[in-house]
Amino acid sequence: MSDNTVLVTGAFGQVGTFCVDILLGRGKKVIALDLRNDRTVAVARDLSGRARPGALVPAYVDLLDAAAVADLVAEHRPAVIVHLAAIVAPLSYRDPGRARKVNVGGTEHVLVAAAALDEPPLFIQASSAAVYGSRNPYHYPERITPDTPVDPIDHYGEDKVLAETAVRDSGLPHAVLRLGGVISPAGASTLGGDYLLLMRATPVDNRIHAVDGRDVGLAFANAVDRGDRVDGRTLLIAGNDTYTHRQRDLEDDMMQAAGLGRLGPSAGLPGDPDDDRGWSFTGWFDTTESEALLGFQRHDWPDTVSWIADSMGRRRVLARALGPVLRPAIRFALSVQRRREGRGPYADPWTLIEKKYGPDVLASTTV
């Protein structure tokens, strides 16, 4: 085993890219596991161009191929494994069965391979605010802590609880990092119909604790170097207090960054104060412990908004020009869409999501 070798799964995603770049800058050898496609190959090429020769080893391996995963781990014998790979919500809603195989089964494949090494590596697991399920801020106004009971409402949150359990039961030294709402240009550029539906479903007054994607990458990279401090811990990864928002305010800041301008509260529906099921999985985190251990909160919310705005380039100029026409048109279209769907005065997100994708998107067991 080389103390300088780190295996990162999901290495070329919106968090993995930043984590890998930081680790390479610190002189680590990074085995970068991901699926091969045009985007991941391009990201690998870019990262390799900034690293010393041989420091980045792209490994295009499917997590569902247990033998290939085992061979990769046995060959490189990493001192640390950063497990970021997953099919995340809402993309996972299209095929919950496959998502379970990747998010839980794939995690188990990496764990088994790691446990077979003579010297067990530190296993750092990426988890999610989704493990806490629907959070009614009227009934649960306190901040979420690592000790807040998990209560997933959708299959993705359930996937993450099951994966966390597998990590803790593996016998490996480990840390679990539960992420808030990660914001980055890469994430903003991939907003499709599934994400737009989730945004429409979420109450406008739902609490969301966002975090800059660069800071998330730093949190994982720092965890790699602070294994003795994070071993056995569950840590909450979100931004400083400038990142605590209501859903509509966050969306409007992103709309402003894109150049379209703010849609305002009429663009969505509020949550029902009396319905604990009628909210989305997010909430405001207490990051006191995680920040003390990992020192990752380098940005403020205006920095992230500016980052998104800068990434838009010329598209932002066009959006600003069309904004006065598009904003009322979008508000009207959303209002018509809500009437056609028969939605009432409250958002009731999981009824809408179940209607769209079917009952398999919801959590099926008590975990």
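All of the numbers you see were taken from the coordinates with simple rules; none came from a lab. Source: prediction; values computed, not measured. All Cβ positions, glycine included, derive from the backbone under ideal geometry; neighbour counts span all protein chains shown.
A Förster radius of 51 Å, combined with the Cβ-Cβ distance separating residue 117 from residue 275, puts the computed FRET efficiency at roughly 0.60.
Selection among 115, 6, 238 by position relative to the dipole of the chain gives 238 as farthest towards the positive end (Cβ unit charges, Cα centre).
Under the criterion of Cα pairs below 8 Å and six or more residues apart, the relative contact order for the chain equals 19 percent.
Would you mind classifying region 246-302 by shape? Square roots of the alpha carbon gyration tensor eigenvalues, ordered a ≥ b ≥ c; an a/c under 1.5 is rounded, otherwise it is prolate if a/b is larger than b/c and oblate if not. Note, shape of region 246-302 comes out oblate.
For region 37-66 versus region 205-256, the spacing of their alpha-carbon centroids is 25 Å. Per-residue ellipticity at 222 nm for the chain, helices alone: DSSP H runs ≥ 4 residues times -39500 (n - 2.57), over residue total, nearest 500 deg cm²/dmol? After summing the helix terms and dividing by the residues of the chain, the value is -13000 deg cm²/dmol. Within region 79-195, the proportion of C-alpha pairs whose separation exceeds 17 Å stands at 59%. Where in the chain are the helices, taken as whole DSSP H runs, whose Cα atoms extend 20 angstrom or more along the long axis and whose Kyte-Doolittle mean reaches at least -0.5? Helices meeting the span and hydropathy rule in the chain are 314-340. Using only side-chain charges placed at the Cβ, +1 for Lys and Arg and -1 for Asp and Glu, the dipole size of region 173-266 relative to its Cα centre rounds to 140 debye. Restricting the calculation to Cα atoms, every distinct pair contributes to the Kirkwood radius of region 129-258, found to be 16.2 Å. For the chain, modelled as a GNM whose springs connect Cα atoms under 10 angstrom apart, the maximal fluctuation among 322, 24, 293 occurs at 322. In terms of its alpha-carbon gyration tensor, region 134-199 comes out oblate; a/c meets the 1.5 threshold, while b/c is at least as large as a/b. So, R0 is 51 Å and r is the distance between the beta-carbons of residue 42 and residue 289; what FRET efficiency does that work out to, to 0.05? Efficiency, rounded to the nearest 0.05: 0.85.
If I build a Gaussian network model for the chain, linking alpha-carbon pairs within less than 10 angstrom, which residue out of 17, 242, 304 has the largest mean-square fluctuation? Fluctuation is largest for 242.
Each other residue within a Cβ distance under 10 Å of residue 64 adds +1 if Lys or Arg and -1 if Asp or Glu, for a net charge of 0. Taking 0.36 nm per residue of sequence separation and removing the Cα-Cα distance, the residue 74/residue 142 pair yields an extension gain of 20.0 nm. Taking the chain as a Gaussian network, Cα atoms linked when under 10 Å apart, which of 318, 269, 162 shows the biggest mean-square fluctuation? Ranking 318, 269, 162 by mean-square fluctuation puts 318 first. Test of understanding: extend the Cα→C-beta vector of residue 26 to 7 Å, then name every residue of region 50-66 with backbone N under 17 Å from that spot. 51-52, 55-57, by backbone N distance to the label point. For residue 239, the residues whose amide H sits under 5 Å from its own are 210, 211, 212, ignoring neighbours fewer than 5 places away on the same chain, with H placed 1.01 Å from N.
Remark: the Cα gyration tensor places region 230-367 in the oblate category, a/c being 1.5 or greater and a/b not exceeding b/c. For the chain, the fraction of alpha-carbon pairs lying more than 25 Å apart is 54 percent, rounded to a whole number.
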